[in-house]
Amino acid sequence: MPSLKDLRLRIVSVKSTRKITSAMKMVAASKLRRAQTAAESARPFAERMERMLGTLAASVAGQAGAPRLLAGTGKDAVQLIVMVTADRGLCGGFNSSIVRDVRRFAAQLLREGKTVKILPVGRKGREQIKRDFGAHLIEGFEGLGRKGITFPEADAVAAKVTALFEAGEFDVCTVVYNRFQSAIAQVVTRQQLIPFAVPEKAAVKDEGAKAIYEFEPSEEAILSTLLPRNLAVQMFRSILESQASEQGARMTAMDNATRNAGDMINGLTIKYNRSRQAQITKELIEIISGAEAL
């Protein structure tokens, strides 16, 4: 049974931990507001651009002059997975959920006889995935968005992906990230970036009502210019969503930790008071017994 001194030290230690987790919760809540605003502001532009390119791509796909980012290499033997995680921990299952999904995805591709390469964006993802897929990792990115992610940072990631594709390093690229829903809900999302996947919403249900457009320059020229830009936009969006999800997960995790610390302090305080009362009672009994013996 622990002594009264041990219980006092334990209570002081847990109280200090509660102060830290409470402060981290408030910091995460402050960062979450900015990150959520940025992620929600980026969605309309990214979704609209994807739909617009999908409409163009639907009429160009399959033609001889289609851009490579749309047509691809014609194979899917080499798969590149861009894994977007955080550089820091203490955010619940945020990083683990992404790594778990990437493990399943990579294992499935390997069973199908494909070659898998993993490009990590974030230190925590690299540290976890290298235990099982260290041989499949390529040089990634760390330290993005220390003061908020900027478009040039996301553009650098997209530029590396594009350079790898032009060098023939892979055939299909998929980004895996956490899509922000709320502070307590994040959804693991896979999005194919290369070749450009035509969204289902781009398909027109009523072909008779489809408007006829004349493009200047041609659809191929427009797509050749906008597809690399779209790649950067979608990467920017995925990192923004990931950062908002990270802060939401951290705020929830620190709130739970603060509550658990409070419950532990209450339990330890009750145990301390009972032990102290038992010790006082024992001392009184010893005093009374000694007095009666005299």
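Numerical summary
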{"item": "Of all residues in segment 121-137 being under 19 Å from Leu90 (Cα atoms) and not hydrophobic (A, V, I, L, M, F, W, C), the one that is most open to solvent (accessible area, probe 1.4 Å)", "result": "Arg123"}
{"item": "Residue match in segment 37-50 (condition: touching a helix residue (DSSP H, G or I) at 6+ places or on another chain (Cβ under 6 Å) and more than 27 Å from Phe165 (Cβ to Cβ))", "result": "yes"}
{"item": "Residue in segment 148-171 that is over 25 Å from Leu227 (Cβ atoms) and out of contact with any strand residue (DSSP E or B) (no Cβ under 6 Å at 6 or more places or on another chain) present", "result": "yes"}
{"item": "Among (1) surrounded by 15 or more Cβ atoms within 10 Å (Cβ to Cβ); (2) over 17 Å from Arg190 (Cα atoms), the one test that Leu240 misses", "result": "(2)"}
{"item": "Cross-chain or 6+ apart pairs with Cβ under 6 Å, segment 66-83 first and exposed (fewer than 14 other Cβ atoms within 10 Å of the Cβ), then modelled with pLDDT of 80 or more and of a type in the set (D, E, K, R)", "result": "Lys75/Asp171; Ala77/Lys114; Ala77/Asp171"}
{"item": "Residues that are among the charged types (D, E, K, R) and either out of contact with any Asp or Glu (no Cβ under 7 Å at 6 or more places or on another chain) or surrounded by 23 or more Cβ atoms within 10 Å (Cβ to Cβ) (or both), drawn from segment 84-113", "result": "Arg88, Arg100, Asp101, Arg104, Arg111, Glu112"}
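The values are calculated or read from the model by the stated rules, or taken from the named source; none is laboratory data. Note that the structure is a prediction, hence the values are computed from the model and not measured. Methodologically, a virtual Cβ is constructed for each residue, glycine included, from the backbone with ideal geometry; neighbour enumeration extends over all protein chains shown. With ligands, DNA and RNA removed, areas are computed over all heavy atoms of the protein, side chains included. Shrake-Rupley method; radii C 1.70, N 1.55, O 1.52, S 1.80 Å.
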